Structure formats: C-alpha cells, structure tokens
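Structure, as structure tokens:
The values are calculated or read from the model by the stated rules, or taken from the named source; none is laboratory data. Worth saying up front: this structure is predicted, and the values here are computed from it rather than measured. No Cβ is skipped: glycine too gets one built from the backbone with ideal geometry, and neighbour counts run over all protein chains shown.
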Amino acid sequence: MERPQSDFLYNRMGPWPQPNPVLPFTEFPAVVNIPRKELMKYELNIGVRYYTQIFYYLPVALWYGINHAGLAKVSDEEFVDMLCVRSFSKFLTKLKRDQIEKYLPGIDMSRLPEGREYYVNDLWLMSRLKPQEGCYTAATVCLFARSDDHKYGFEFLANFCLPYGEPMEKGTVLYPEDNDAWDLAKYHALLGCANRLVLSTHSFLHFPMDTVNAITKTALPKDNLLQRLLLPHFEFSLELDLGVLTSWESPIKNHWELPYTGLTGDEAGIAQLFVDAYMGMKDRHLTYPPYHFWLAPQVPDTEYGRFQIEYYDCIERFTKKVLSKLTDDDKWYIKKWADYISSWLNTNPHMKEEDKQDIKKRFPTGDEIFEEYSDGFTVLEKVTAKIIWDVTVGHASDHYDYGQMDVHKVPFRLRVPAPQGREVHHYSQKSLRTWVDAYKQRMCWKMFFIPTNVTLLQDMAYDFNGDPELDAYVRDFKKDLHATEKGLKEKGIRDFIPLNQIARSIQY
Ligand SMILES: [Fe+2]
C-alpha cells in the first residue's frame, strides 16, 4: 500500500500535531508548522479583515461605549433563557437532591420544591480568575429546577456567590427576594458564563480538530474519499487557532493597550481557564470533567442541545451515504489515520480509566474504525459526522447565539464587587462597568464573536472527481440541511443560528 510522496498533499511533508508550544503538558496538542499556501490564504481572507476592522470599527465601538457605560437590567426570565435554553445551557449539570449542598453550601433545602429535576450551572472557574485592579470576579453556582409545565422550561431557585480570593465560608446563597444582591450576583454569573463559553468549553470545538485537520491532510492520499470529504471543512482553522494560541495580539493574551481586549484577568489567569477545561477541576469532576473526545456530540438536554442533534443527524445521514463508496485503498489509509489521531487525542493524563475503555468516549483506533455501531452506523460514519458537525454547526452556533446576546447585559468586566451577604450597598446600573469596558467588549464582539463568514455550509462543494453518485449525495445533503432548518420550526425548536449563517469550517 506504500504510495509515492507525490500522491499526498505537500508531498507528505504537511502539517502534523505536536505538544502544545504554550502549555505542553496541560493542553491540547497543537499544529505549529503550517504550509505557506494555507497561511497566505488565511491572511488574505481573514487576517486582513482583523486589521481593517481595528480602524473602521473603532469609532463605532467608541460611540457604543460612550452610550453604554454600565449595564442594563436583566430579568430572571431573560437570565433563565440565556442559561437554560440558549448556548449557556451547555454548562447545566443535573444533580440529585442530596448533591445540591456540595455546590451551594448553606442553602436552605426546605425551600426547594420536592420531586423536581435539579440542575446547576457551576461557574467555579471564576474562583481561579484573578481580576485586575478595579475589576471584580466571583464564583457563582446557579440552581434551577425543571418546570413541570414545559419540557424546556426552568425555574431559577438560588445562586451561591463567593467573591474571588475569599474562603468558602464567606460564600452566600442568594434567593430571588434578595433584590439588589440577587441582581448583582446575576451579573457575576453572566460574567462567569461568558468566560466559560469563550475561554473554556468553546476550546473543545477548536483545538482537538487541529490534530484531525493536520493528520487528514498529511496521512491520507489526495484521492482518498475521506480526505476529499473533510478538506473543505478544514480551511482557515489551523492558522486561526495558532494565532489565538501564540500571537501577542491574540485577544486571550488580553494586553490592555490593544483596543479589542476587553477580558478580565491577565494572560496567565486566562490560560488557567483553558487548562482547567482540558484537565478538569479536581473535586468538581461532575461539572468540570477532564476533556476527552466523544464519538458523538455531547449536548445538554435543553432546546439548544436538541437543535444541535437535529443538524448532527442530518450530517450523519450524509456521511453514511458518502462513506459507503470507500475503496479498499481508502480504508487501508483510514485505519492508519485513526491510529495516528487516537495516539494524539486520547492522551489527556487526567482521562479516567473507564473512559479510556469506552469507544463512545475517545477517538477510535484503526482496529475499531470500521466496526458497526449500535444504531446502524459504522464508527467511521459517526466520527466523521461528529467532525463535520463540530467545525460547522457546533462551532458557528456558539458564536452566533453568544453574539446575539446583548453586550449591554452580558459583561466581560465588572466594577462592583460581588455580594458578601444577602444585603448589599446600593449600586447604580452605571457603576457596574465603565464606558471603556463597554467599547472594548464591543470591539471584541465585532472582531471575534459574531460570525464573519468566508464560506458557508449551505454552499458546500466537494471535489469528488465528478462522480455523479457522490455529487447527487451532496445535492441531497443541501436539501436535507434546508429541510432540517424548516423542521426545527415544526418541532417547536428555536433556530439558534440560521442555516445561511453557518460557516463550513472554523473561520473565527
Ligand atoms: Fe470559535
């Protein structure tokens, strides 16, 4: 099966994963040697956009900041919508009643309704993020009960709040009747949610795919059907992720002299959030488990999760059809591909032993890749659908939904300390955030959060060498994508990102 170098992209000297240059033992592998051709394409399509936005959007963002100092009121209803229905619902963890006191110590259990399902949004990551002078952070844990009357409805019951740097016993459980303290703790929870999405869980969509991206390009021959299927979904991403990870100008380095760095915390503090996401948090493995690859998307039992699964199923139908046409040569190389990837992605030192044995919870090996899976799909069909879902719908919907949240309500910095009791000194809405905080967050929102698409999923084109059957599958896929979007409405599921806004790869 050995084939000449010329059968491979970049003469088989293309990108490959290596230990992460910034955090080699506590973060995802990274890809640092990127072909010049790909770098140029990225600079022309995306890099240039960042530089031009700094100039043309700056006056817009400044004007926004001047007019939006402070924060707008957030009702409980809106808060629940963000944390239990929309993208922040990814952080919900179901708890048994007797587990609640661990996450909300001091809670009055007699207040909790009996016989309900309980969920927490544990924003403990904020206990690790030291704020800069003049800013404040706090760990919060929001407790919800699923409503009896609506499948996706939740009731907000309590919020445990512990200001940064304080011992556990200084934490306070707040309830809806606590008025100003309750509202202030909600802003701290929203700050925690923004950090958890942007600097923690969203990394699961970006960085593992760099390994898959590089190995697909280098280890599979150019005529391999799997490479032809995946290649368009991998454009721009290696360059983007490397920039985020290593560039001095990266927003996650948070150099305050730059106009778009609106985060709280210094470079090391922010890096710790990524490490905690990858390694998991000791003593809180239920809410912060160590990262491992999942064969299928892991989504919450919420409307946002249902939305993801509808699209994943659509993609899975497509991968099943395309991959039915693999040749023996394709398969031989795909086994090697799976072995290479699994040797890089299943290496988290904190991964539990039982998870290492479970094919659902890691990247499959070459020996497993063509096994039948229990629901009528092969392991390869599932993992390929997972990859395409990850870099398209999974990734873009996080950006789109978060981008739709009001910058005037979901902060990146707070200037009023979190409650240290159920009563707080009165604070004005204006004092919650400065106009500079608002303008920088708006810049960051424009440049990095809202989707700025170069190529779209709905316009997919694959180089299948003119194979009429495969080209027909692509046409069917596009129709199925539109039918899926239409079907969401019929099933009463919110359209968290319009199909015409879903990029075909990770482009932001
Ligand atoms: Fe992203």
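Conditions tested, residue by residue: (1) without any contact (Cβ under 8 Å) to a residue 12 or more places away in the chain; (2) surrounded by 13 or more Cβ atoms within 10 Å (Cβ to Cβ); (3) not assigned by TED's automatic domain parsing to the domain that holds Tyr175.
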site: Arg12; (1), (2), (3): no, yes, yes
site: Trp16; (1), (2), (3): no, yes, yes
site: Pro19; (1), (2), (3): yes, yes, yes
site: Glu27; (1), (2), (3): no, yes, yes
site: Asn33; (1), (2), (3): no, no, yes
site: Glu38; (1), (2), (3): no, yes, yes
site: Ile54; (1), (2), (3): no, yes, yes
site: Glu78; (1), (2), (3): no, yes, no
site: Ser87; (1), (2), (3): no, yes, no
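One residue stands out in segment 111-159 among those that are out of contact with any helix residue (DSSP H, G or I) (no Cβ under 8 Å at 6 or more places or on another chain) and assigned to a strand (DSSP E or B): the one that is surrounded by the most Cβ atoms within 10 Å (Cβ to Cβ), namely Arg146.
Taking the conditions (1) in a helix (DSSP H, G or I); (2) on the phi < 0 side of the Ramachandran plot in turn, Glu27 satisfies each one other than (1). Does segment 212-229 contain any residue that is surrounded by fewer than 24 Cβ atoms within 10 Å (Cβ to Cβ), away from the ligand (no atom under 16 Å from the Cβ) and of a type in the set (Asp, Glu)? Yes - at least one qualifying residue is present in segment 212-229. Restricting to segment 442-466, and then to whatever is within 16 Å of the ligand (Cβ to nearest atom) and in a helix (DSSP H, G or I), can you tell me which residue is surrounded by the most Cβ atoms within 10 Å (Cβ to Cβ)? Result: Leu457.
Considering Glu485, Glu469, Glu490, the condition of being buried (at least 16 other Cβ atoms within 10 Å of the Cβ) and among the acidic types (Asp, Glu) is satisfied by Glu485 alone. When Gln99 is tested against the conditions (1) in contact (Cβ under 8 Å) with a residue 60 or more places away in the chain; (2) assigned to a helix (DSSP H, G or I); (3) under 24 Å from His202 (Cβ atoms), the lone failure is (3).
For segment 386-395, state whether one or more residues are assigned to a helix (DSSP H, G or I), in contact with a helix residue (DSSP H, G or I) (Cβ under 9 Å, 6 or more places away or on another chain), among the charged types (D, E, K, R) and within 16 Å of the ligand (Cβ to nearest atom). The answer is yes; a qualifying residue exists.
Note on segment 192-208: residues that are within 12 Å of the ligand (Cβ to nearest atom) and either farther than 24 Å from Phe79 by Cα or hydroxyl-bearing (Ser, Thr, Tyr) (or both) total 6.
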